[in-house]
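Below: the structure, in structure tokens.
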Amino acid sequence: MENGYKLKKGPKIFLVIVIALAIFVPIIKSRIDEYLYTKTNEYAFLQLGYSEKETKIIIDKLNDEEEAKVLTYQYNEFIPEFLKCKYFMFKNLDGYLDQVITKEDDFFKYHGIEGYNYDDIVASVNTHTNRDYYTDTYKTDFEKGYGLLSNKYYELGSDYAPDDLVDISIKYYYGDAKKIRSEVYDAFKRMWEDAYKEGIYLIIVSAYRDYDSQVRVYNDYQESKGTTYADSIAARPGFSEHQTGLSLDIYSKDSTVAATFKNSKAYNWLINNSYKYGFILRYPDGKKKITGFNYESWHYRYLGVELATKVYNEGITYDEYYAYYMEDDI
């Protein structure tokens, strides 16, 4: 009888253990999961006051190190808005935030999150144009080859001159004799031939200008119309793209006036085809804040076919492209 009783008791104990495990293991696991979750960045962002939607944006966009830095800030409703921008760069986050006003900064000047164009702010800070022109400038990185940048923040210097300049045939220009870098000239001639087949006769009106020539150009504008006007239409000496030997001002035989070239057949052809030969429109319409120059429908910059195609496909200025994809930490 005793042995029979033990055989019946064993299965009952086993059943009790199984039931207990079924009940308590999930509870214990849940408690452990809850504890571990409190150690995650996601939980920390929620505790700071970010909504689930804002938190997802942060987690999806940033890496662990970047998230850790943001967690050292107080809640800032603008951070998720900047993170939505295609060309957001984490290294510039503080610069972006300096361009907006929180309630804590100044309640009476607070515009809310709908009061800003975040893409414009990102573009401005990335390209350094949130600062005054020609302030805190950098040396042009010549290691970038044909992709080098020369603008109102990147300086070529007074002694820079390309070592591969060639003469441009009178067939392709009017005015004084002109020079350009060899590869740029070859690319232009290919472009000229294809445009000519479509009834367009391209003409170069300006090409390489050395430092001293740029001094004269800039000073003429400055003396006649003042510094503000001069800076809107000409680069200061040492900052001109023409000094790189990579830029051409191009009109056509049928349209040689700046005011009307943008409406010409030649311009329409160039804007849709020049990148195929390595050129981009350098100073597009509506981008003065970024490029520093008024719209110049005639000014084309050589980058090489591969890079020019990438810039064209992005649909942004070269200043923006360079800042996001090419600029080293400075």
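The values are calculated or read from the model by the stated rules, or taken from the named source; none is laboratory data. If you're wondering where the values come from, they're calculated on a predicted model, not measured in any experiment. Don't worry about glycine lacking a Cβ; one is built from the backbone with ideal geometry, like all the others, and counts go over all protein chains shown. For the accessible areas, the whole protein counts, side chains as well, though only heavy atoms, and no ligand, DNA or RNA atoms are used. Shrake-Rupley method; radii C 1.70, N 1.55, O 1.52, S 1.80 Å.
Collect the residues in the stretch 282-300 that are part of a loop (DSSP other than H, G, I, E, B) and either of a type in the set (A, V, I, L, M) or out of contact with any Ser or Thr (no Cβ under 9 Å at 6 or more places or on another chain) (or both), keeping them in residue-number order. Before you say what the answer is, go through the steps one by one.
First, pick out the residues of the stretch 282-300 that are part of a loop (DSSP other than H, G, I, E, B): 284-287, 292-295.
Across the stretch 282-300, the qualifying residues are Gly286, Tyr295.
Residue pairs, Cβ under 9 Å, 6 or more apart or interchain, first in the stretch 48-64 and within 12 Å of Leu83 (Cβ to Cβ), second open to solvent by 100 Å² or more (accessible area, probe 1.4 Å) and assigned to a loop (DSSP other than H, G, I, E, B). List them.
Ile57/Lys84; Lys61/Lys84
Any chance you could count how many residues in the stretch 110-131 are open to solvent by 80 Å² or more (accessible area, probe 1.4 Å) and under 21 Å from Tyr73 (Cα atoms)?
Number satisfying all stated conditions: 1.
Considering the stretch 132-189 alone, what residues qualify as being open to solvent by less than 80 Å² (accessible area, probe 1.4 Å) and among the aliphatic types (A, V, I, L, M)?
Once the filter is applied, which keeps residues that are open to solvent by less than 80 Å² (accessible area, probe 1.4 Å) and among the aliphatic types (A, V, I, L, M), the stretch 132-189 yields Leu148, Leu149, Leu156, Ala161, Leu165, Val166, Ile168, Ile180, Val184, Ala187.
For the stretch 209-229, does any single residue satisfy the condition of being outside any helix (DSSP H, G or I), open to solvent by 10 Å² or more (accessible area, probe 1.4 Å) and touching a His at 6+ places or on another chain (Cβ under 6 Å)? First the steps, then the outcome.
Narrowing the stretch 209-229 to residues outside any helix (DSSP H, G or I): 209-210, 226.
From what is left, the residues that are open to solvent by 10 Å² or more (accessible area, probe 1.4 Å) are 209-210, 226.
The next check asks that each one be touching a His at 6+ places or on another chain (Cβ under 6 Å); those that pass are 209.
Within the stretch 209-229, one or more residues are outside any helix (DSSP H, G or I), open to solvent by 10 Å² or more (accessible area, probe 1.4 Å) and touching a His at 6+ places or on another chain (Cβ under 6 Å).
Take the stretch 88-106 and flag every residue that is at pLDDT 95 or above and either surrounded by fewer than 18 Cβ atoms within 10 Å (Cβ to Cβ) or assigned to a helix (DSSP H, G or I) (or both).
Met89, Phe90, Lys91, Asn92, Leu93, Asp94, Gly95, Tyr96, Leu97, Asp98, Gln99
If a residue has to be in a helix (DSSP H, G or I) and either free of Cβ contacts under 8 Å to residues at least 40 places away in the same chain or charged (D, E, K, R) (or both) to count, how many in the stretch 306-330 make the cut? It would help to see each step written out before you state the result.
Going through the stretch 306-330, the residues in a helix (DSSP H, G or I) turn out to be 306-314, 318-326.
Next, from what is left, pick out any that are either free of Cβ contacts under 8 Å to residues at least 40 places away in the same chain or charged (D, E, K, R) (or both): 306, 308-314, 319-321, 325.
Of the residues in that region, 12 qualify.
All but one of (1) more than 25 Å from Tyr116 (Cβ to Cβ); (2) exposed (fewer than 10 other Cβ atoms within 10 Å of the Cβ); (3) hydroxyl-bearing (Ser, Thr, Tyr) hold for Tyr37, so report the exception by its number.
So the condition that Tyr37 fails would be (2).
Filter the stretch 230-262 for residues that are touching a residue at least 40 places away in the same chain (Cβ under 8 Å), more than 14 Å from Glu296 (Cβ to Cβ) and hydrophobic (A, V, I, L, M, F, W, C); which is least open to solvent (accessible area, probe 1.4 Å)?
Leu246
Yes/no matrix, rows are residues, columns are (1) open to solvent by 10 Å² or more (accessible area, probe 1.4 Å); (2) in contact with a strand residue (DSSP E or B) (Cβ under 8 Å, 6 or more places away or on another chain):
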| site | (1), (2) |
| --- | --- |
| Ser274 | no, yes |
| Lys287 | yes, no |
| Glu296 | yes, yes |
| Arg301 | no, yes |
| Glu314 | yes, no |
